[in-house]
Amino acid sequence: MGIFSAKNHLNEHMLPEIIPGHVAIIMDGNGRWAKKRGLPRTAGHSKGVKTFEDVIEMCFTAGVNTVTTYAFSTENWKRPESEVKYILKLLDEYLDICVEKCLKKGIRLRIIGDRSVFSEKMIEKMDTSEQKTAHLRYNLNVAVNYGSRAEICHAVNQLISEGKTNISENDIASRLYTCEVGDPDLIIRTGGELRLSNFLMWQAAYSEFYFTDTYWPDFGKKDLYKAFAKYAKTNRRFGGL
Ligand code: FPP
């Protein structure tokens, strides 16, 4: 069953009153999920795409406006070539499906990261996918060949090329890939590690964090609601009292 299917319709009574507007997700643990089952790591990634579909649907149904996910980092190229190829093929195949679902649900798709390393055909596909959904209200950002340090360098270099000398926080923020959607309220990381792994480091300055040991392919409604419930209880002060 795919994205936005009836299966995942939420029981509203289980949802807390405060829902984060922007949720970012580090989808970790695909490889370990597969290993635990004696399967190749790639099986974990395939299952990971299914979970991605389901969780995105749950987020928007719950009232989230923007979801940003980490699909492929600037560091993931260090993996065996066969695994890299598999993940990128999954992304390529999934893009068409994703655009259709986004169009139906009013979601604007953005692929964030440095896409210049991809084939011309893939770049064109990413551009077209974005253009087709550019008029829509909700936001889904999929980070591909994304790294926060590279993103900040890219922003600064852009400012330099524009002739800027006295660079402000706003200048940098307005050149980041996320400039149109703002900072995440809640960052969820699955798979048990407690780190950001070069994801949205600038944007995470005042984000709330939710870490869980659950491997990404096993992450479901119960886990998502737990994250939302914890977020709803947080007193966000943004440095104030
Ligand atoms: C983390 O698990 C996942 C990745 C590095 C990338 C792949 C992500 C997906 C397939 C999810 C959805 C993607 C798309 C294209 C919509 P890991 O391999 O780092 O797991 P491990 O830490 O257990 O090795």
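Please treat every number below as a calculation from the coordinates, not as lab data. Computed from a prediction, not measured in an experiment: that's the story for all the values here. Every residue, glycine as well, gets a Cβ built from its backbone with ideal geometry; the counts of neighbours run over all protein chains shown.
Around ILE26, what is the net charge, scoring Lys/Arg as +1 and Asp/Glu as -1 over all other residues with Cβ under 10 Å from its Cβ?
Cβ neighbours under 10 Å give a net charge of 0.
Take the cross-link list LYS105/LYS230; LYS36/LYS125; LYS121/LYS164 and give me the ones stretching past 31 Å between alpha-carbons.
LYS36/LYS125; LYS121/LYS164
I need the shape label for region 191-241. Rule: rounded when a/c is under 1.5, else prolate if a/b > b/c, else oblate, with a, b, c from the alpha carbon gyration tensor. Write down the numbers at each step before the final one.
On the way: a/c = 2.97, a/b = 1.35, b/c = 2.20.
Note, shape of region 191-241 comes out oblate.
Quick check on the chain: take the gyration tensor over C-alpha atoms, sort the square-rooted eigenvalues as a ≥ b ≥ c, and tell me if it's rounded (a/c under 1.5), prolate or oblate.
Cα axes put the chain in the rounded bin.
Suppose only helical runs count, i.e. DSSP H with n ≥ 4. What mean residue ellipticity at 222 nm does that imply for the chain under -39500 (n - 2.57) per run, divided by all residues and rounded to the nearest 500 deg cm²/dmol?
Result for the chain, helices only: -13500 deg cm²/dmol.
Just need the relative contact order of region 5-137 here, percent rounded to a whole number, with Cα pairs under 8 Å and 6+ apart. Don't skip to the end; give the middle numbers.
Working: 110 pairs, mean separation 30.5, N = 133.
Dividing the mean separation by the residue count of region 5-137 yields 23 percent.
Which percent of the Cα-Cα distances in region 101-241 go past 25 Å?
On the way: 3997 of 9870 pairs.
Roughly 40 percent, rounded to a whole number.
Show me the three semi-axes of the equivalent ellipsoid for region 48-178, from the C-alpha gyration tensor (sqrt of 5 times each eigenvalue), largest first, rounded to whole Å. If you can, show how the numbers build up before the last one.
On the way: eigenvalues 132, 80, 38 Å².
They are 26, 20, 14 Å, listed from largest to smallest.
So how do VAL99, VAL144, VAL84 line up by other beta-carbon neighbours within 10 Å, fewest first?
VAL84, VAL99, VAL144
Scan around ILE112 for amide H atoms under 5 Å from its own, H built in the peptide plane at 1.01 Å from N, and keep only partners 5 or more places away or cross-chain.
It is VAL142, ALA143, VAL144, by chain and number.
Hey, could you get me the Stokes-Einstein D for region 131-191, Kirkwood radius over alpha-carbon pairs, 4 °C and 1.567 mPa s, rounded to whole µm² s⁻¹?
95 µm²/s
5 Å is the cut-off here: which amide hydrogens, built 1.01 Å from N in the peptide plane, fall below it relative to MET201, excluding neighbours closer than 5 in sequence?
Under 5 Å from the amide H of MET201: SER148.
Find how many whole Å separate the alpha carbon centroid of region 169-216 from the alpha carbon centroid of region 97-147.
Using only Cα atoms to place each centre, the spacing works out to 19 Å.
How about region 183-241: which chymotrypsin sites (Phe, Trp or Tyr not before Pro) there are in a DSSP loop, with at most 12 other Cβ atoms within 10 Å of their Cβ?
Hits after loop and neighbour filter: PHE238.
Non-local amide H neighbours of ILE25 (under 5 Å, H modeled in plane, Pro and chain starts lacking H): which ones?
THR68, THR69, TYR70, ILE188
What does the charge dipole of region 1-156 about its Cα centre add up to, to the nearest 20 debye, if the Cβ of each Lys and Arg holds +1 and the Cβ of each Asp and Glu holds -1?
460 debye
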